[in-house]
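Below: the structure, in structure tokens.
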Amino acid sequence: MPTRRYDDSPGFGSLYARTVKATLRKAEYEPDTDGLELELPRTLVDQDHLTAYREVTGFTAGPALPVTYPHVLAFPLHLDLMSDPSFPYKPMGIVHLSNTITQLKPIPMHAELSIHVHSSPERPHPKGTVFDILSSVSVEDEVVWTDSTTLLSRSAGTPSAHTDLLPDPELDATAFWDLRANLGRRYAAASGDRNPIHLWKLSAQAFGFPRQIAHGMWAKAAALASIQRTTTLPDAFTVRVDFRKPLLLPSRVQFAHQLTGTTRDFALYNDDHTLTHLIGQLVPR
């Protein structure tokens, strides 16, 4: 597998231009088949950027990075991978199904990080083809954090294909959140994810949504930040979320979480609990 190494994180301007170009590729396009690994061997956290991320997601200040923050650091490499000629799918229109993060130990906010990104083999899905973008973060040559982002490229699909879904725990609300219309733009500024479905009503309507929708990774981060404000998270754990119905902005949602044994289930529902936006599960290691 060829490796692309960076001296610094790639800029979003050129990445989004490449993403649009990759989406407009002709139907008869034949991708490279060797795949690609991307590596940012040395990077430090911009503390102002970290502060902005904490403000929009709700994480409080502390000596360690929020568990979802390394996903933001890896995201430019995700875009570079999906816009590369080796990538077999058109990047715009891909659906984010789930995300699984494993924190093996807390990451100090001033540590020098090494980030690696590659994609998994594809597998069939009833609505098309799914694959994972796999990321890892190392500190002093030790892997301390991993991330699996599961994505769906829509096509005819395989009706008999297995789908791996978290069970719905049907939790009672523990809080109500009022989400403003500009939330997607605020999170885009902190994360770099400027997908037009998250920004404005008109840009979301161009992709079939009635109005802009919240980022799935914002919802995961906000859920974990809310849990962390009421209890202490373990140093090592795996947390998975499945994204169900899009979360339209503005809106009012129910947040719920519950500890059963050592497993914490959590969920986001719409205001009257008739739609599930997100289901999550946190398991200590």
| query | What does the convex hull of the alpha-carbon atoms of the stretch 31-171 project to on average, in nm²? | reply | 10.5 nm²
| field | Cβ-based net charge around Ser14, under 11 Å, with every Lys or Arg adding one and every Asp or Glu removing one | value | +1
| task | Leaving ligands, DNA and RNA out of it, report the carbon-plus-sulfur percent of the accessible area of the chain at a 1.4 Å probe. | result | 53 percent
| Mind ordering 125-135, 211-221, 60-70 by average Cβ neighbours within 10 Å, highest first? | 211-221, 125-135, 60-70
| note | Rounded to the nearest Å, the spacing of the alpha-carbon centers of the stretch 117-149 and the stretch 75-105 is 8 Å
| query | Per the Debye formula with a single identical scatterer at each Cα and no solvent contribution, what log10 I(q)/I(0) holds for the stretch 144-188 at q = 0.14 Å⁻¹? | reply | -0.85
| Rounded FRET efficiency, nearest 0.05, which uses the C-beta distance separating Val143 from Thr163 and R0 of 35 Å | 0.75
| said: Under a crude label model (7 Å from the Cα following the beta-carbon direction), how far is Ala156 from Ala206 in nanometres? | reply: 3.1 nm
| field | Potential lengthening between Lys245 and Arg194 on full extension [0.36 nm per residue; Cα-Cα distance subtracted] | value | 16.4 nm
| Distance in nm between label sites at Ser14 and Asp271, each 7 Å beyond Cα in the beta-carbon direction? | 4.6 nm
| remark: Heads up, the stretch 96-196 by the C-alpha gyration tensor (a ≥ b ≥ c square roots of eigenvalues; a/c under 1.5 rounded, else a/b over b/c prolate, else oblate) looks oblate
| request: Would you mind calculating the relative contact order of the stretch 164-252 from Cα pairs under 8 angstrom and at least 6 residues apart, reporting the percent as a whole number? | output: 35 percent
| field | Coil-residue trypsin sites (Lys or Arg not before Pro) of the stretch 165-195, DSSP, other Cβ within 10 Å capped at 12 | value | Arg180
| request: Enter the accessible area per residue of the stretch 64-210 (Å², integer; probe 1.4 Å; all protein chains in place). | output: 46 Å²
| task | Give the Rg/Rh ratio for the stretch 130-285, taking Rg as the radius of gyration of the Cα atoms and Rh as the Kirkwood radius, to two decimals. | result | 0.97
| task | Just subtract the alpha-carbon distance of Asp172 and Arg285 from 0.36 nm times their residue separation and send over the number in nm, one decimal. | result | 38.1 nm
| said: Relative contact order for the chain: what percent, with Cα pairs under 8 Å and sequence separation of 6 or more? | reply: 18 percent
| said: Given a Förster distance of 25 Å, report the FRET efficiency between Asp7 and His49 from their Cβ-Cβ distance, rounded to the nearest 0.05. | reply: 0.85
| query | In percent, how large is the relative contact order of the stretch 73-134, given Cα pairs closer than 8 Å and 6 or more residues apart? | reply | 27 percent
| remark: Full extension between Arg123 and Asp235 adds, at 0.36 nm per residue less the Cα distance, a length in nm of 37.1 nm
| request: Output the peptides 2-13, 254-265 sorted from most to least packed, where packing is the average of other Cβ atoms within 10 Å over each peptide's residues. | output: 254-265, 2-13
| Dimensionless Rg over Rh [the chain; C-alpha; Kirkwood] | 0.94
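The values are calculated or read from the model by the stated rules, or taken from the named source; none is laboratory data. None of the values given here were measured: they were computed from a predicted structure. All Cβ positions, even for glycine, are placed from backbone atoms using ideal geometry, and neighbour counts span all protein chains on display. Heads up: the accessible areas ignore ligands, DNA and RNA and are worked out on the full protein's heavy atoms, side chains in. Shrake-Rupley method; radii C 1.70, N 1.55, O 1.52, S 1.80 Å.
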